[in-house]
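Here the structure comes first, spelled out in structure tokens, and everything after it is commentary.
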Amino acid sequence: MSNKSVSAEIVRRVLAAASLCVPVLVVIISWWVWRDSLPAELASHWSGAGPADDAMSVGALLALNLGMTGVPAVAGVTISVWPGISARARRGAYFFLGVFGGMGAATWLLSAGLTMQVGDPYEVVLGAWVIVSFVAAGYGIIPFLIAPRPRLKATDVEKRIDFAPSAVGAWSQTITGNMFLWVAIGLIILGSVIYGPAVIAGRALDQIVGIVVMAVAIVLVASFVRLRVTADWRGLRVVSAIFRIPLKRIRLDAIDVVEAAELRPAEWGGWGYRIMPGRSAVILRKGPGLIVTTKREKQFAISLDDPETPAALLATLRDDNAAVPEMKRESNP
């Protein structure tokens, strides 16, 4: 790694840590500005859409929110300078610390600001202001995006496939995800227990939102029970064999590195269909799988019985596809 890259990484880590200090500074500065206007007690808890049902002294609530924002700030700074932490783990920690910090700052601002407006903490109605709390939880995205991205490690497969003059390279395999099957069955049973009585009693419309959500969840999970994985001149495609729904597609001209490797669920976020920043995977078991890294530094992995064959095929087709424009340029100087 060059000195310039190291310096840029350090700067981004410092900026990410600094962003985690913003929520605690917001709490401190707002308290300093409002200190002469704050009542003795502030609204601190709501059980529903009505007025607050509990209050805390200014000092107690301030201490609580200073803890919610200060601890993430200190932890963020510590993580930034602590050696031996991977970039991926550091970014994940930044995100969760930012979530807690943002919520702590929002809680203080809402409780103090609304109580000052109303006067009586037990008359404060949160109402639509609750949206602010959910938005504030997204503050973790800021340090996450600022932090240096992890460097992808990928080694291109060495094997290539020789085609006959008239042959067209294509490979496909249907895989079964027993895990998704059992989860789908479990959701069906759970949905029947929760919403079955309402349907039998003719009150399905009263539970329509929950029924629709459960049905969508069942369809999504069931889509992964049987997958058709195809590698050809179009690239890599993963399609639900049950519903014919395309689940993943990587164009051939977007492929940078293809490899057959041993997949470990812990390295991909666990079992099942996993989506992580810059990475996604369908992990059905520990063992062989195909990993495709794109030119935009995105990775996709999927468990396969024979990943060497599609890896070699995609690498061969990719090389041939890249060689065509070069041959045209040489023939037309």
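The values are calculated or read from the model by the stated rules, or taken from the named source; none is laboratory data. Treat the numbers as computed from the prediction; the structure is a model and nothing was measured. Backbone-built Cβ (ideal geometry, glycine too); neighbour counts: all protein chains shown. Surface accessibility is based on the protein's heavy atoms, side chains included, excluding ligands, DNA and RNA. Shrake-Rupley method; radii C 1.70, N 1.55, O 1.52, S 1.80 Å.
Computed quantities for the displayed model
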read-out	value
Rounded to 10°, Cα long-axis angle of helix 87-118 versus longest principal axis of the chain	30 degrees
Count, lysine Cα pairs under 21 Å in the chain, 8 or more residues apart or across chains	8
Relative pair counts by distance (%), Cα atoms of region 14-79, 10 Å bins	20, 39, 30, 11, 0
Residue-level accessible surface for ASP320, protein heavy atoms, 1.4 Å, Å²	80 Å²
Accessible surface of region 31-121 [probe 1.4 Å, protein heavy atoms]: carbon and sulfur percent	69 percent
Choice from VAL199, VAL71, VAL130 with maximal GNM fluctuation in the chain (Cα, 10 Å cutoff)	VAL199
For the chain: accessible area per residue (Å², 1.4 Å)	56 Å²
Alpha-carbon gyration tensor eigenvalues x 5, square-rooted, for region 181-333, Å	41, 17, 12
Area accessible to solvent at PHE224, 1.4 Å probe radius, in Å²	20 Å²
Mean projected area in nm² (Cα convex hull; one quarter of hull surface) for region 42-171	14.2 nm²
Cβ-based charge dipole, the chain, positive-most Cα from SER223, LEU247, VAL292	VAL292
Ranked packing of 83-93, 277-287, most packed first, by mean Cβ within 10 Å	277-287, 83-93
Rounded accessible area of MET103 (nearest 10 Å², 1.4 Å probe)	80 Å²
DSSP-defined antiparallel bridges as percent of all bridges, the chain, nearest 5	90 percent
Accessible carbon and sulfur surface of region 175-333 relative to its total accessible area, %, 1.4 Å	61 percent
